[in-house]
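Novice: So that we are looking at the same thing, I have put the structure below in structure tokens.
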Amino acid sequence: MNFFEANFDGLVGPTHNYAGLSVGNVASLSNAKNSSSPRQAAKQGLSKMKALHDLGMVQGVLAPQERPDVYTLRRLGFTGTDAQVIAKAAKQAPAVLRAVCSASSMWTANAATISPSADTHDGKVHFTPANLTNKFHRSLEPVTTGRILQAMFRDPAHFAHHTHLPDNDHFGDEGAANHTRLCSAYGKRGVELFVFGRYAFDSSQPAPKRFPARHTLEACEAVARLHGLSGEHVVYMQQNPDVIDQGVFHNDVIAVGNQNVLFYHQQAFVDTQNKLNELRRKFGNETDLHLIEVKDSDVSVSEAIKTYLFNTQVITLPSGEMAIIAPTECQESHAVSSYLAALVQQHTPIRHVHYYDVKQSMRNGGGPACLRLRVALSEQEKQAVNPNVLMNDALFSTLNQWVDKHYRDQISEADLADPQLLDESRSALDELTQILGLGSVYQFQQD
Ligand code: SUG
């Protein structure tokens, strides 16, 4: 049977803005309060999706969430009509209003952890939405994420959906941003590599000092249990606390993998050699495992954070060759672009590099890999996916028109207090659920 990897990219929501909400994420803090362009952001994302579709990849769209989240404002004691709730929050708690307006669900690498059917105990594809507890604005996402995933992957014969882990920092879970699957082929059982920032129940273990470690070992173990993975096919690696303290807030800012390739920075992990030996052993020798380590002397950690060299997508093209999908920031850096030009000449499966402009997202710390959720599927499982969410020429043009109709060109901090923004966002999402055939996944559609 034919197996492949599908990428589901987050469609940027109508409230995309720069609010400086993510301590530990350098770009988010340094662009705080700049004005944003939701329309441009959504179009940059759509262009990347279309480009991957045109490369012959299976590409899907993951819908954004309803923002501002007035339900959360009500839970926090703001009362009255929706417009009054927003006005009161703007006056009394502007930082809270900024948080409930974030379009952060666009970074779908953080939406969930997915284990393909070849790895799980019951032969189904398993989904666990990430609780994203470490950041208030992101902790508002998992319930709706779960609903949207269920509306996309409906068939219980193929897809198993779990509830997100308990909402507490002990089980802080950032989803697939810290999860990589290595395999000889998509349909063969793989090794699932879970990367965590700290131990929740053992404070004697190393942990970052300056910035938060958002994801715990205990969260990784819980997801592996839920998905019915065999211990012989799972590896847990700790992120180097020093790189978290330099701004590597997710592992996908310093490492990325695909099939038999793991591409990572020399400083990414703790106990690197032992752990990579475990990975080699569990991977087996059906095919060569390429562990491509980038040295400090080639690209420093700070250059990697600035350019997002590792927040690239390593994809397998229909030809069987691999390509790196990189942000234009990599092309603009001499160190990184020359590294990549040399890499594609070496004896690894990576033969091509393609650059795309996702600057609107990059300014909040979200590169090409943050914008996508990977789901390895068989042909039969793909047939069971809601077909309306799969990218093609017609959907690309419909979604571009939809963006033109509903999105503002510019948003600044003051605009977040405009009650009109909620109405605009709701009418956009209402229409989107019809385009994508999602049903009533949003709270406002259920009231
Ligand atoms: O969670 N930024 C996101 C970026 C997520 C990137 N994802 C991956 N690396 N997979 C975050 O830090 C910033 C929002 C703001 O500041 O307005 C933000 O949420």
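Novice: Run lengths n ≥ 4 of DSSP H only: what is the helix-derived mean residue ellipticity at 222 nm for the chain, with -39500 (n - 2.57) per run over all residues, to the nearest 500? If you can, show how the numbers build up before the last one.
Specialist: Details: 18 runs with 155 residues, N = 447.
That comes out to -9500 deg cm²/dmol.
Novice: Rg to Rh ratio, the chain, alpha-carbon atoms and Kirkwood radius? Could the numbers behind the result be given before it?
Specialist: Numbers: Rg = 20.5 Å, Rh = 21.8 Å.
Result: Rg/Rh = 0.94.
Novice: On a full-extension model of 0.36 nm per residue, what is the gain between GLN273 and GLN401, subtracting their alpha-carbon distance, rounded to one decimal in nm? Let's see the in-between values first.
Specialist: Details: separation 128, 0.36 × 128 = 46.08 nm, distance 5.04 nm.
The GLN273-GLN401 span can extend by a further 41.0 nm.
Novice: Note the angle between two axes, namely the Cα long axis of helix 334-343 and the longest principal axis of the Cα atoms of the chain, as a number of degrees from 0 to 90, rounded to the nearest 10.
Specialist: Helix 334-343 and the main axis of the chain meet at about 50 degrees.
Novice: Can you give the three extents of the C-alpha atoms in the stretch 36-157 along their principal axes, from longest to shortest, in whole Å?
Specialist: 51, 35, 24
Novice: I need to check one value: relative contact order of the chain, counting alpha carbon pairs closer than 8 Å and at least 6 residues apart, in percent.
Specialist: Numbers: 953 pairs, mean separation 106.2, N = 447.
Once divided by the residue count of the chain, the mean separation gives 24 percent.
Novice: Oh, and also: What full-extension length gain, to one decimal in nm, is calculated for ASP122 and LEU76 as 0.36 nm per residue of separation minus the Cα-Cα distance?
Specialist: 12.5 nm is the gain from fully extending ASP122 to LEU76.
Novice: Still on this structure: How much length is gained if the chain between PHE444 and LEU55 is pulled fully straight, taking 0.36 nm per residue apart and subtracting their Cα-Cα distance, in nm to one decimal?
Specialist: Numbers: separation 389, 0.36 × 389 = 140.04 nm, distance 3.72 nm.
Contour length minus Cα-Cα distance gives 136.3 nm.
Novice: Report the trypsin sites (Lys or Arg not before Pro) located in the stretch 271-348 that are in a DSSP loop and have at most 12 other Cβ atoms inside 10 Å of their Cβ, or state none. Could you put the intermediate results ahead of the total?
Specialist: Details: sites: LYS275, ARG280, ARG281, LYS282, LYS295, LYS306; in loops: LYS295.
Here the sparse-neighbourhood loop sites are LYS295.
Novice: At 7 Å along Cα-to-Cβ for each site, give me the label-to-label distance between ASN168 and GLN84 in nm.
Specialist: Rounded to a tenth, the inter-label distance reads 3.7 nm.
Novice: Among the GluC sites (Glu not before Pro) within the stretch 320-422, which fall in a DSSP loop and have no more than 15 other Cβ atoms within 10 Å of their own Cβ?
Specialist: Details: sites: GLU321, GLU329, GLU332, GLU379, GLU381, GLU413; in loops: GLU321.
Listed in order of number, the matching sites are GLU321.
Novice: Specify the residue with the greatest mean-square fluctuation among ILE411, ILE292, ILE305, computed from a Gaussian network of the chain linking alpha-carbon atoms under 10 Å apart.
Specialist: Per the Cα network of the chain with a 10 Å cutoff, ILE292 tops the list.
Novice: What pairs from LYS359/LYS382; LYS91/LYS359; LYS91/LYS306; LYS359/LYS405; LYS306/LYS405; LYS33/LYS91 go past 24 Å between their alpha carbons? Kindly include the intermediate steps, with their values, before the conclusion.
Specialist: Working: LYS359/LYS382 31 Å; LYS91/LYS359 31 Å; LYS91/LYS306 35 Å; LYS359/LYS405 22 Å; LYS306/LYS405 34 Å; LYS33/LYS91 17 Å.
From the list (LYS359/LYS382; LYS91/LYS359; LYS91/LYS306; LYS359/LYS405; LYS306/LYS405; LYS33/LYS91), the Cα-Cα distance tops 24 Å for LYS359/LYS382; LYS91/LYS359; LYS91/LYS306; LYS306/LYS405.
Novice: Nearest 0.05, what FRET efficiency do SER412 and SER302 give at R0 = 25 Å with Cβ-Cβ as r? Let's see the in-between values first.
Specialist: Values: r = 29 Å, r/R0 = 1.17.
Computed FRET efficiency for SER412 and SER302: 0.30.
Novice: Further question: What does the charge add up to near ALA51, with Lys and Arg as +1, Asp and Glu as -1, over the other residues with Cβ less than 14 Å from its Cβ?
Specialist: Result for the local shell: 0.
Novice: Let me ask you something else. If eta is 1.002 mPa s and T is 20 °C, what Stokes-Einstein diffusion coefficient results for the stretch 158-218, Kirkwood Rh from Cα pairs, in µm²/s? Intermediate values should be presented prior to the final figure.
Specialist: Working: Rh = 13.5 Å.
For the chosen part, D equals 158 µm²/s.
Novice: Using the Karplus equation 6.51 cos²θ - 1.76 cosθ + 1.60 (θ = phi - 60°), what ³J(HN,Hα) coupling, rounded to whole Hz, does each residue of the stretch 214-227 give in order, writing x for Gly and Pro?
Specialist: Once θ is set to phi - 60°, the couplings for the stretch 214-227 become 7, 10, 9, 4, 5, 5, 4, 4, 5, 5, 4, 5, 4, 7 Hz.
Every number in this text was worked out from the coordinates using simple rules, so none of it is lab data. The structure presented is a predicted model; accordingly, all values stated were derived computationally and were not measured. Note: ideal-geometry Cβ built from the backbone for every residue, glycine included; neighbour counts use all protein chains shown.
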